[in-house]
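Worksheet: the structure to be examined is printed underneath.
The values are calculated or read from the model by the stated rules, or taken from the named source; none is laboratory data. Source: prediction; values computed, not measured. Neighbour counts are summed over all protein chains in view; Cβ atoms, including those assigned to glycine, are modelled from backbone coordinates with ideal geometry. Note: accessible area is taken over every heavy atom of the protein model, side chains too, but ligands, DNA and RNA are not part of it. Shrake-Rupley method; radii C 1.70, N 1.55, O 1.52, S 1.80 Å.
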Amino acid sequence: TFSPGDEIIVRLTFSNSEGQRVTGAVATLAVIDNQTTSPADSLTSGSSDGNGYAEASWSTQSPNKKGQGGTPEGAYTLRVTGMTSGNYEWDGVEDTVTIQLGSGVAARSGMSCGRHCD
């Protein structure tokens with residue numbers, strides 16, 4: 001569970017069909033507001049390192065002093081929508097993680113998210 005105003009870090013692992021880690025890959029992700037099913041944001045990861053790891057971050061907005069505005073509370077799905085690499089093609093398999101902004105419990109998936117929910 002995250003609070004409006006938190007920065008959410010998604011750690012991705014890239015590997016090829018033989019399970020070897022892929023260096024230099026970049027993922028694109030969509031942030032979907034589960035209440036409206038509308039895209040709330042899009043993210044691009046950094047390039048994967050020598051161990052196949054990369055991170056993408058989503059900065060949510062806190063409400064103003066009157067409690068208005070900010071990123072709405074609720075469930076959001078972060079979905080991998082693409083990958084680029086100089087040596088590999090993306091197989092189109094999407095992976096997702098659902099997070100809760102406000103209250104509730106973050107869902108688990110093959111992806112991991114910050115705040116010990118992996």
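Numbers at a glance
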{"item": "Selection count where residues are outside any loop (DSSP other than H, G, I, E, B) and either touching a residue at least 60 places away in the same chain (Cβ under 8 Å) or in contact with a helix residue (DSSP H, G or I) (Cβ under 6 Å, 6 or more places away or on another chain) (or both), scope region 8-23", "result": "5"}
{"item": "Pair list, Cβ under 6 Å, 6 or more apart: region 81-96 residue closer than 17 Å to G52 by Cβ and free of Cβ contacts under 8 Å to residues at least 40 places away in the same chain, other residue surrounded by fewer than 13 Cβ atoms within 10 Å (Cβ to Cβ) and of a type outside the set (K, R)", "result": "D95/G110"}
{"item": "Meets criteria (over 17 Å from the mean Cα position of the chain (by Cα), acidic (D, E) and modelled with pLDDT of 95 or more) for D91", "result": "no"}
{"item": "Among (1) open to solvent by less than 60 Å² (accessible area, probe 1.4 Å); (2) at pLDDT 95 or above, the one test that E55 misses", "result": "(1)"}
